[in-house]
Amino acid sequence: MARLWPLLSDIALLNELDGNPAYVAVDELQPDGSVLRRAKGRFAMPIPGEWTEDLGEWVEQRYMRQLRQFTKGGFHHINFVVRAEPTADGFALHIRIDMLPKGLAGWLGATLGLVRRWAPWRHWTG
């Protein structure tokens, strides 16, 4: 698990392994000392978007969560959760991606079940 965790918890890399090009992100220091990451690229099929992403939650080799809130594109938000549980012979891995689509394209995708057919382990919410 220690060797796999850096891969499983790297949402940008998982996005690229899913067939999307690398996206561009810029970290902006906020007056309160927090960091806001602004990004743009493609996510979930060839849908371009712009979003902010938080720095997420992290428990090494156990749990990772990151929320992307879109300012442009076909989604309101996408929330990634990766959870690993030790088992007798290794580990069980649970990956969940909740998406809240917006606009006509998002409504059509949700209504026709396109994301479920494209990748059945993803989940629509909202």
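State all residues of the range 72-91 that are aromatic (Phe, Trp, Tyr) and in contact (Cβ under 8 Å) with a residue 40 or more places away in the chain; if no residue qualifies, say none.
Of the residues in the range 72-91, the ones aromatic (Phe, Trp, Tyr) are 75, 80, 91.
Residues satisfying the conditions are PHE80, PHE91.
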Inter-residue pairs, beta-carbon under 7 Å, first in contact (Cβ under 8 Å) with a residue 40 or more places away in the chain and in the range 46-61, second surrounded by fewer than 15 Cβ atoms within 10 Å (Cβ to Cβ), 6+ apart: GLN61/MET1; GLN61/ALA2
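Computed from the coordinates by the stated procedures, all read-outs in this text should not be read as laboratory data. The structure displayed is predicted, hence computed values, not measured ones. A quick note on method: Cβ atoms are made from the backbone with ideal geometry, for glycine too, and the neighbour counts reach across all protein chains shown.
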